[in-house]
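> Here it is, the structure, as structure tokens.
The values are calculated or read from the model by the stated rules, or taken from the named source; none is laboratory data. These numbers come from a predicted model, not from an experiment. Cβ placement follows ideal geometry from the backbone for every residue including glycine, while neighbour counts extend to all protein chains displayed.
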């Protein structure tokens, strides 16, 4: 349990006066700690509590509309919740959030990591009872029309209140304007302890940072293709470590170190520490600095010119640097495909990141990119920075935020871990499938923690905002798979559709609006749908059919409630597509823009449950089938061959003209030039994905890039390291030489297999 020791200043009338926040800050600075402070009352009273709390050399970040109402000498600026991700890697002395303007879970996580030792995260709330049911404007993004903000569930706020109350393990400092207003929460100002030890002043590098610097040294001077991954929670000095290591490597003999990140301001601390380290080194060595600025540091040492500079990631992709070492800061904020390209083009790399979900791709780094490292650089190393730098250990603010937002869900504490069943028995025992509501989930704390931990472990995009969604969305449905009371799988879906066709654009209803915009008649709005937002299975028992059974149960429940169709929208990957297609879901849309988090193209799949939906979706499928090949040529240059062929495999054609195979055969025999049969090759490809899928992956890629995407000879030859046009043509002919030009067709029958529910117990 975190105990916040606080010495109260002597007061004339201590019964009627509040303890001083200024005195609290003084003690926090002595301890190098931070605190969560909640001021419950009127804005006028809150202004009095915060007046002159900060000095002119300090900085404050305001979130909400309170900036103009608070008197302070500190440097300050106002920011909206939607722009908080821009603050990753930044520092400030305190953050003030007015919950009346909206409270965002990701914002809480980011803000708490920005605050320096001695700082406060201040929440301005109305009185307690009002706050429990106060409308949260930020919940609007979770709601589908016609739901309004006042119809959002209040459980997220109530969850936070419960986590931070006086008898919790991670309490906040509460101040109430009306002390008689609440019987459950009181001010938390524990008496001071005469034995309270004062932490020593933090000096850099710390012991764990020194280990990390030595590990970076091994990357720079050791064997190539052995990248290092540095992971840590916020405030552990990852950026500082990169800056210190850059100077170390340059002094030891390297001449050029490059640092990249999503934005330059995220890497600012690395250059600050590098500059300070260089200055300290200059006291004992002859160093001549020629350029000193954020983003570039140039100096002369031992008659050699040394450069430490920032280069944007997209520029590194376009023009691979010749640097001796490439450092990637805030790596989880970059999409996995971009990180993969950097890895392929550079031989000595260090990736530094936190893994919380508000970090852009967040868990995508853990769940996706580490698989890439295992595949391409199996000798990669990992080091974890545990010791905090920005504040002292056992920090009350960090504990309060991590506990409330389940930021430690991926690595549960011993008391959170449930008894693990032997994995060999999981599939053989009876599995219970059931739908649960949020009230029953909140009543079962163990199940609630297990559910969110499962979402974090199994899905790359899970973030604290998903916790807020779970506790706020009234149209969310939760289906779970359990065995002997242990949660092993979960599906989250949201109700969509049933919109009047003549309505203007409405909020939410992602799949119906997207399909009507691109392919469907407006009457499609009137059909009801459940969109699957998340499906997660315990990592140790994936690929054992649990996900399939959850989808079958979802379908069974939806049919009972007369739902017209099921759908899902997700970042397409070679692993996901076969799963969805095998369950009878068909692709109906591919987004042309790559998702910022995953770097993947968004795909929409559907499954009709009623005759009316079957007819409507068949029409959408025909329109998508006609358009997809053209979108592929014009807008999907990076769409992988395996995914192209998987989508094409879902297409249906009534006839297969024989002249197409004749033209392909003539090209294979060298009787006709590519330009005279390119149209027939293209059409044959659209109709024959099953044949192409039998060929080696590199030949599939060459074929799809040239024949289907119509890329230039030079572009394809360069990508696959072939000898110009001749090499590409030889690869195309090689694919055809051993491939049958026709494949026996069977009449397409839409068989909707009824799942075997005999071995499952429905609740």
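> For region 426-439, state whether one or more residues are within 23 Å of residue 576 (Cα to Cα), under 19 Å from the mean Cα position of the chain (by Cα), surrounded by 19 or more Cβ atoms within 10 Å (Cβ to Cβ) and modelled with pLDDT of 80 or more.
Within region 426-439 (the criterion being within 23 Å of residue 576 (Cα to Cα), under 19 Å from the mean Cα position of the chain (by Cα), surrounded by 19 or more Cβ atoms within 10 Å (Cβ to Cβ) and modelled with pLDDT of 80 or more), the answer is no, since none of the residues qualifies.
> Let me spell it out: the conditions are (1) part of a helix (DSSP H, G or I); (2) touching a residue at least 40 places away in the same chain (Cβ under 8 Å), and residue 694 meets all of them except one. Which number is the exception?
(1)
> Looking at the structure I just gave you, is residue 669 within 19 Å of residue 681 (Cα to Cα) and surrounded by fewer than 19 Cβ atoms within 10 Å (Cβ to Cβ)?
In short, yes.
> Can you tell me which of (1) under 28 Å from the mean Cα position of the chain (by Cα); (2) not in a strand (DSSP E or B) is the one residue 500 doesn't meet?
(1)
Residue-by-condition table, conditions (1) on the phi > 0 side of the Ramachandran plot; (2) touching a strand residue (DSSP E or B) at 6+ places or on another chain (Cβ under 9 Å):
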position	(1), (2)
251	no, yes
276	no, no
281	no, yes
327	no, yes
330	yes, yes
350	no, yes
353	no, yes
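> To continue, here is another question. Select from region 711-725 the residues that are assigned to a loop (DSSP other than H, G, I, E, B), farther than 18 Å from residue 344 by Cβ and free of Cβ contacts under 8 Å to residues at least 24 places away in the same chain and list them in ascending order. Show your work before the answer.
Here is the first cut: in region 711-725, the residues assigned to a loop (DSSP other than H, G, I, E, B) are 711-712, 720-723.
Then keep just the ones that are farther than 18 Å from residue 344 by Cβ; that gives 711-712, 723.
Those that are assigned to a loop (DSSP other than H, G, I, E, B), farther than 18 Å from residue 344 by Cβ and free of Cβ contacts under 8 Å to residues at least 24 places away in the same chain: 712, 723.
> Only residues that are more than 30 Å from the chain's Cα centre (by Cα) and under 15 Å from residue 327 (Cβ atoms): list them for region 260-291, please. Working first, answer last.
Pass one, region 260-291, residues more than 30 Å from the chain's Cα centre (by Cα): 275-291.
Within region 260-291, just 277 meets the criteria.
> Looking only at residues in region 250-259 that are surrounded by fewer than 24 Cβ atoms within 10 Å (Cβ to Cβ) and under 18 Å from residue 346 (Cα atoms), which one is nearest to the chain's Cα centre (by Cα)?
First, pick out the residues of region 250-259 that are surrounded by fewer than 24 Cβ atoms within 10 Å (Cβ to Cβ): 251-256, 258.
This time we only want the ones that are under 18 Å from residue 346 (Cα atoms), so: 254-256, 258.
Values: 254: 35, 255: 35, 256: 32, 258: 25 Å.
Looking at the filtered set, the residue picked out is 258.
> Moving on to the next point. Condition test on residue 450, is it crowded, with 23+ Cβ neighbours inside 10 Å, over 19 Å from the mean Cα position of the chain (by Cα) and either at pLDDT below 90 or closer than 11 Å to residue 490 by Cβ (or both)? Give the derivation first.
On the way: crowded, with 23+ Cβ neighbours inside 10 Å: yes; over 19 Å from the mean Cα position of the chain (by Cα): yes; either at pLDDT below 90 or closer than 11 Å to residue 490 by Cβ (or both): yes.
For residue 450, the condition - crowded, with 23+ Cβ neighbours inside 10 Å, over 19 Å from the mean Cα position of the chain (by Cα) and either at pLDDT below 90 or closer than 11 Å to residue 490 by Cβ (or both) - is met.
> Now, a different point. Please note which strands (runs of 3 or more DSSP E) are completely contained in region 5-91 and include at least 2 residues that are under 23 Å from residue 172 (Cα atoms) and modelled with pLDDT under 90. If you could, list the steps in order and put the result at the bottom.
Numbers: elements: 35-40, 59-63, 75-79.
Filter on region 5-91 gives 59-63.
> Okay, next question. Every residue in region 214-241 that is in a helix (DSSP H, G or I) and buried (at least 18 other Cβ atoms within 10 Å of the Cβ), please. Give the derivation first.
We begin by selecting, within region 214-241, every residue in a helix (DSSP H, G or I); these are 214-221, 238-241.
Of everything in region 214-241, those that are in a helix (DSSP H, G or I) and buried (at least 18 other Cβ atoms within 10 Å of the Cβ) turn out to be 215, 216, 219, 220, 238, 239, 240, 241.
> Same structure, new question: Step by step: first the residues of region 553-569, then only those that are more than 16 Å from residue 535 (Cα to Cα) and touching a helix residue (DSSP H, G or I) at 6+ places or on another chain (Cβ under 8 Å), then the one that is surrounded by the fewest Cβ atoms within 10 Å (Cβ to Cβ). Which residue is that?
This residue is 564.
> While we're here: Has region 259-266 got at least one residue that is part of a loop (DSSP other than H, G, I, E, B), at pLDDT below 90 and under 18 Å from residue 316 (Cβ atoms)?
Let us first name the residues in region 259-266 that are part of a loop (DSSP other than H, G, I, E, B), namely 261-263.
With at pLDDT below 90 added as a condition, the list becomes 262-263.
Imposing the further condition that a residue be under 18 Å from residue 316 (Cβ atoms) reduces the set to 262-263.
Within region 259-266 (the criterion being part of a loop (DSSP other than H, G, I, E, B), at pLDDT below 90 and under 18 Å from residue 316 (Cβ atoms)), the answer is yes, since at least one residue qualifies.
> Got a sec? Which strands (runs of 3 or more DSSP E) wholly within region 518-614 have at least 3 residues that are at pLDDT below 90?
Numbers: elements: 528-537, 565-571, 586-594, 601-608.
In region 518-614, no matching strands (runs of 3 or more DSSP E) lie anywhere.
> Quick check, is residue 606 in contact with a helix residue (DSSP H, G or I) (Cβ under 6 Å, 6 or more places away or on another chain) and crowded, with 16+ Cβ neighbours inside 10 Å? If you could, list the steps in order and put the result at the bottom.
On the way: in contact with a helix residue (DSSP H, G or I) (Cβ under 6 Å, 6 or more places away or on another chain): yes; crowded, with 16+ Cβ neighbours inside 10 Å: yes.
In short, yes.
> Still on this structure: How many of the residues in region 297-336 are farther than 25 Å from residue 382 by Cα and surrounded by 15 or more Cβ atoms within 10 Å (Cβ to Cβ)?
Of the residues in region 297-336, 6 are farther than 25 Å from residue 382 by Cα and surrounded by 15 or more Cβ atoms within 10 Å (Cβ to Cβ).
> Determine if region 509-520 includes at least one residue that is farther than 21 Å from residue 647 by Cβ and touching a residue at least 24 places away in the same chain (Cβ under 8 Å).
Yes, region 509-520 contains at least one residue that is farther than 21 Å from residue 647 by Cβ and touching a residue at least 24 places away in the same chain (Cβ under 8 Å).
> Restricting to region 114-141, name every residue that is outside any strand (DSSP E or B) and within 28 Å of the chain's Cα centre (by Cα). Give the derivation first.
Taking region 114-141 as the starting set, the residues that turn out to be outside any strand (DSSP E or B) are 114, 126-141.
Those that are outside any strand (DSSP E or B) and within 28 Å of the chain's Cα centre (by Cα): 114, 135, 136, 137, 138, 139, 140, 141.
> Next question, about the same structure. Check whether at least one residue in region 649-662 is touching a strand residue (DSSP E or B) at 6+ places or on another chain (Cβ under 7 Å), at negative phi and either in the same structural domain as residue 513 (by TED's automatic domain parsing) or part of a loop (DSSP other than H, G, I, E, B) (or both), and report yes or no. Full working, then the answer.
So in region 649-662, the residues touching a strand residue (DSSP E or B) at 6+ places or on another chain (Cβ under 7 Å) come out as 650.
Imposing the further condition that a residue be at negative phi reduces the set to 650.
Subset that is either in the same structural domain as residue 513 (by TED's automatic domain parsing) or part of a loop (DSSP other than H, G, I, E, B) (or both): 650.
Yes, because at least one residue in region 649-662 is touching a strand residue (DSSP E or B) at 6+ places or on another chain (Cβ under 7 Å), at negative phi and either in the same structural domain as residue 513 (by TED's automatic domain parsing) or part of a loop (DSSP other than H, G, I, E, B) (or both).
> Related question: Out of 536, 520, 485, report the one residue that is in contact with a strand residue (DSSP E or B) (Cβ under 7 Å, 6 or more places away or on another chain) and either more than 24 Å from residue 627 (Cβ to Cβ) or assigned by TED's automatic domain parsing to the domain that holds residue 458 (or both). Give the derivation first.
On the way: 520 fails: in contact with a strand residue (DSSP E or B) (Cβ under 7 Å, 6 or more places away or on another chain); 485 fails: in contact with a strand residue (DSSP E or B) (Cβ under 7 Å, 6 or more places away or on another chain).
Testing whether each residue is in contact with a strand residue (DSSP E or B) (Cβ under 7 Å, 6 or more places away or on another chain) and either more than 24 Å from residue 627 (Cβ to Cβ) or assigned by TED's automatic domain parsing to the domain that holds residue 458 (or both) leaves just 536.
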